[in-house]
């Protein structure tokens, strides 16, 4: 039987957040700062829109025709309700990337955005997205991508594996994912209390673990418990996206990255550092 989640967490819904870096108008300023031309956006797409807060706010505040998909039907239902209330004609689907990206009824896009997707999916899904960008992004179009980068996340990777493995091996499905995360976090704290070489070599990890307690479970579970979790270096991300004729353009924020394509001005913006 096929796992419709493809390894992504579906036990608990994602956070209700708005991410301003996804806004094409904000990206226009980033381009202006670098002396680059930003296209007029008539059609836009968000891959993995979560609860749909950003895509709906951007659709309601502009005349841009927005499309998007999120594999979780609960997310899509809520996002469609927001679209109905706001009166926009946003086209939102609950399809996987493979299903959505193979649709034949989608327009070509001036702007395509991915927030919190690139580092949390399989290599196969990244290949699907790169192919989609190559086929569906207009010449002169822009792409925004946020992701967890190396080397900023390098020290946290063993801790993430410990948390995920503890939840899988020591927990049970009947506990629920929130309880399993709390148990894993408690175990990690007990381990660090023994002063292992890992914590001595990475003195910021205990502080980082303590900060996790201040985040909601909606964020923590989706950040750390997906089957695929791979912080990528800038150079590897740039290499993968070069297949879609994308080149680096500029940053959405100081710790972020943006790309521009060779013949289509695609932009990749917003690589997320550990300090974010």
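Numerical summary
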quantity	calculated
Residues of segment 63-94 satisfying the condition of being surrounded by fewer than 17 Cβ atoms within 10 Å (Cβ to Cβ) and either more than 23 Å from residue 138 (Cα to Cα) or touching a strand residue (DSSP E or B) at 6+ places or on another chain (Cβ under 9 Å) (or both)	73, 74, 77, 81, 84, 85, 86, 87, 89
Per-region count, segment 178-227, residues closer than 29 Å to residue 117 by Cα and outside any helix (DSSP H, G or I)	10
Selection count, segment 131-156, where residues are within 19 Å of the chain's Cα centre (by Cα), under 19 Å from residue 210 (Cα atoms) and surrounded by 15 or more Cβ atoms within 10 Å (Cβ to Cβ)	3
Every residue from segment 27-46 that is surrounded by 16 or more Cβ atoms within 10 Å (Cβ to Cβ) and more than 25 Å from residue 97 (Cα to Cα)	28, 30, 31, 36, 38, 39
Set 106, 36: member being within 17 Å of residue 252 (Cα to Cα), touching a residue at least 12 places away in the same chain (Cβ under 8 Å), assigned to a loop (DSSP other than H, G, I, E, B) and assigned by TED's automatic domain parsing to the domain that holds residue 127	36
Scan of segment 157-175 for residues that are part of a loop (DSSP other than H, G, I, E, B) and surrounded by 14 or more Cβ atoms within 10 Å (Cβ to Cβ), ordered by number	171
Among the candidates 172, 216, residue that is farther than 30 Å from residue 135 by Cα and under 18 Å from the mean Cα position of the chain (by Cα)	216
Any chance residue 140 is in the same structural domain as residue 46 (by TED's automatic domain parsing), at pLDDT below 90 and under 30 Å from residue 68 (Cα atoms)	yes
Test: residue 59 is modelled with pLDDT of 95 or more, part of a helix (DSSP H, G or I), over 30 Å from residue 161 (Cβ atoms) and assigned by TED's automatic domain parsing to the domain that holds residue 44	yes
Test: residue in segment 176-190 that is in contact with a strand residue (DSSP E or B) (Cβ under 7 Å, 6 or more places away or on another chain) and surrounded by 21 or more Cβ atoms within 10 Å (Cβ to Cβ)	no
Count of residues meeting criterion [assigned to a helix (DSSP H, G or I) and within 30 Å of residue 133 (Cβ to Cβ)] in segment 143-156	2
Extreme residue, nearest to residue 229 (Cα to Cα), among residues of segment 164-179 that are touching a helix residue (DSSP H, G or I) at 6+ places or on another chain (Cβ under 6 Å) and modelled with pLDDT under 90	167
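Listed here are the residues, each with its yes/no results for (1) on the phi > 0 side of the Ramachandran plot; (2) in contact with a strand residue (DSSP E or B) (Cβ under 8 Å, 6 or more places away or on another chain); (3) modelled with pLDDT under 90.
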residue	(1), (2), (3)
192	no, no, no
203	no, no, no
213	no, no, yes
224	no, no, yes
241	no, yes, no
248	no, yes, yes
256	no, yes, yes
261	no, yes, yes
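Condition check ((1) closer than 20 Å to residue 138 by Cβ; (2) in contact with a strand residue (DSSP E or B) (Cβ under 9 Å, 6 or more places away or on another chain); (3) buried (at least 20 other Cβ atoms within 10 Å of the Cβ)) across all residues:
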position: 58; (1), (2), (3): yes, yes, yes
position: 104; (1), (2), (3): yes, no, no
position: 109; (1), (2), (3): yes, yes, yes
position: 113; (1), (2), (3): yes, yes, yes
position: 121; (1), (2), (3): no, no, yes
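The values are calculated or read from the model by the stated rules, or taken from the named source; none is laboratory data. Keep in mind the model is a prediction, meaning the values are calculated, not measured. Methodologically, a virtual Cβ is constructed for each residue, glycine included, from the backbone with ideal geometry; neighbour enumeration extends over all protein chains shown.
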